[in-house]
Amino acid sequence: MYLKLPRVKIHVTFLFAAVLALAVNAGRAQAVGAVFVSALLHECAHLALLLSYGAKGLTLTLLPGGARIENAALQTLSYPRQLACALAGPAVNLTLAGALSVCAAHFGAEPFFQAARVNWLLGGFNLLPLSFLDGGRALDCALCLKRKSPVPGGVRRGIDIFVVALLAAATVYLLFTGRDALFLLLFTAYCAAGVVR
């Protein structure tokens, strides 16, 4: 399904809608709502900055594991602008996380704690230097500022493999120490699939 806005087309995939419906139906509406709103604000930050730089014909595709902004003209932006766009989403999440943490400490309300955790995780994990995450794009742009040329594919792949290996090591550590490692295990599997793809 496509929703057409003046300068942005939003593609809601069937899998995204199905996962969202299953999660709400399972009685997790509050948690799903916090994740959905946080992710939406994250993507809106990217889009707002891209639109302010004059980007047109953007497509935002909503997937079960996240979202993707597509446009061939994105690569024509200068490296500083690409860097700013990559960091906009995590910056919004981390700012929200800080504000919600203050509210949670002041009011002691569980919804504030939950929303703060979601934003810390979303902002923090998106800053990992993996090529398909905001942190990877930001690192590539930062390196390109110095090199004046794209990062070689072998270097980029090496960084991806190193980060996934660290995540896998952290998952194994949590498992051996008897801590709950389900989230990190799923996230590591998601990252490994992204690197292979």
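Determine which member of the set Val172, Val195 is under 24 Å from Leu74 (Cα atoms) and either surrounded by fewer than 19 Cβ atoms within 10 Å (Cβ to Cβ) or over 15 Å from the mean Cα position of the chain (by Cα) (or both).
The unique qualifying residue is Val195.
So which residues in the stretch 143-169 are at pLDDT 90 or above and surrounded by 14 or more Cβ atoms within 10 Å (Cβ to Cβ)?
Ile159, Asp160, Val163, Val164, Leu167, Ala168
With respect to Arg68, is the statement that it is within 21 Å of Ser131 (Cβ to Cβ), touching a strand residue (DSSP E or B) at 6+ places or on another chain (Cβ under 7 Å) and basic (Lys, Arg) true?
So Arg68 fits the description; yes.
Can you tell me which residue in the stretch 166-197 is nearest to Val118 (Cα to Cα), limited to those that are without any contact (Cβ under 8 Å) to a residue 60 or more places away in the chain and of a type in the set (Gly, Ala, Ser)?
Result: Ala181.
Count, please, the residues in the stretch 81-99 that happen to be out of contact with any helix residue (DSSP H, G or I) (no Cβ under 7 Å at 6 or more places or on another chain) and of a type outside the set (A, V, I, L, M, F, W, C).
Residues in the stretch 81-99 being out of contact with any helix residue (DSSP H, G or I) (no Cβ under 7 Å at 6 or more places or on another chain) and of a type outside the set (A, V, I, L, M, F, W, C): 3 in total.
Whether any residue in the stretch 21-30 is closer than 30 Å to Lys148 by Cα, over 13 Å from the mean Cα position of the chain (by Cα) and in a helix (DSSP H, G or I) is what I want to check.
No, that holds for no residue.
Check Ala67, Ala17, Ala91, Ala115 and return the single one that is outside any helix (DSSP H, G or I) and within 19 Å of the chain's Cα centre (by Cα).
Just one listed residue meets the conditions, Ala67.
Out of all the residues in the stretch 119-134, is one or more acidic (Asp, Glu), within 30 Å of Gln30 (Cβ to Cβ) and under 20 Å from the mean Cα position of the chain (by Cα)?
Checked against the condition, which is being acidic (Asp, Glu), within 30 Å of Gln30 (Cβ to Cβ) and under 20 Å from the mean Cα position of the chain (by Cα), the stretch 119-134 yields at least one hit.
The values are calculated or read from the model by the stated rules, or taken from the named source; none is laboratory data. Keep in mind that this is a model prediction, so the values were computed, not measured. Cβ: placed from backbone, ideal geometry, glycine included. Neighbour counts: every protein chain shown.
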